[in-house]
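Report on the following structure.
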Amino acid sequence: MHRLPSHATLRRFRVASLLVILMFLSAPAALGFIFYGFIKGEHGWFAIAGGVVAAGLIFMVLNLIMSGRLRCPLCMVPSLQNRRCSKHKSAATLFGSHRLFVAQSILFKGSFRCPYCGEPTAMMVRERGRR
Ligand SMILES: [Zn+2]
């Protein structure tokens, strides 16, 4: 299992994973607020839904900025970005998204499998100078 080069990279992977999950949660949350606003007939909920959509867009931009540098230690492709390269044949998805699957496994399992090369990486820093 591969490991990450530094604690800063590890932290960035966790923050970017959180951003991916928040980004994916914002769309159903906004739809929920709109639906609730329609049922209740209160227009205040639409403003909240608009705020949630805006927050989702901010999370998307922050994730684009952050995850570009977070590369798989083996194939060097950003694992939390949707590149148009072909995926590994056994790459798993969550609700049809490879990114979401990688993000949830980083946060909840402490490791991830790169969707492009299929190699597992532990959320640990590699030790230097020891063989
Ligand atoms: Zn890889």
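The values are calculated or read from the model by the stated rules, or taken from the named source; none is laboratory data. Just so you know, these numbers come straight off a predicted model, no measurement behind them. Note that we place each Cβ from the backbone using ideal geometry, even for glycine, and neighbour counts take in every protein chain shown.
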### Message
Residue pairs, Cβ under 8 Å, 6 or more apart or interchain, first in segment 46-73 and in a loop (DSSP other than H, G, I, E, B), second of a type in the set (Gly, Ala, Ser) and modelled with pLDDT of 90 or more. List them.
### Response
Leu70/Ala16
### Summary
Of the residues in segment 89-117, those that are out of contact with any Gly (no Cβ under 8 Å at 6 or more places or on another chain), surrounded by 16 or more Cβ atoms within 10 Å (Cβ to Cβ) and not in a helix (DSSP H, G or I) number 6
### Query
In the set Leu57, Leu100, Leu64, which member is under 26 Å from Leu31 (Cα atoms) and in contact with a helix residue (DSSP H, G or I) (Cβ under 6 Å, 6 or more places away or on another chain)?
Leu100
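When only residues in segment 74-84 that are part of a loop (DSSP other than H, G, I, E, B) and near the ligand (Cβ under 10 Å from one of its atoms) count, which is surrounded by the most Cβ atoms within 10 Å (Cβ to Cβ)? Full working, then the answer.
Of segment 74-84, the ones part of a loop (DSSP other than H, G, I, E, B) are 74-77, 79-84.
If we keep only those that are near the ligand (Cβ under 10 Å from one of its atoms) too, we end up with 74-77, 79.
Values: Leu74: 14, Cys75: 14, Met76: 11, Val77: 14, Ser79: 27.
Looking at residues that are part of a loop (DSSP other than H, G, I, E, B) and near the ligand (Cβ under 10 Å from one of its atoms), I get Ser79.
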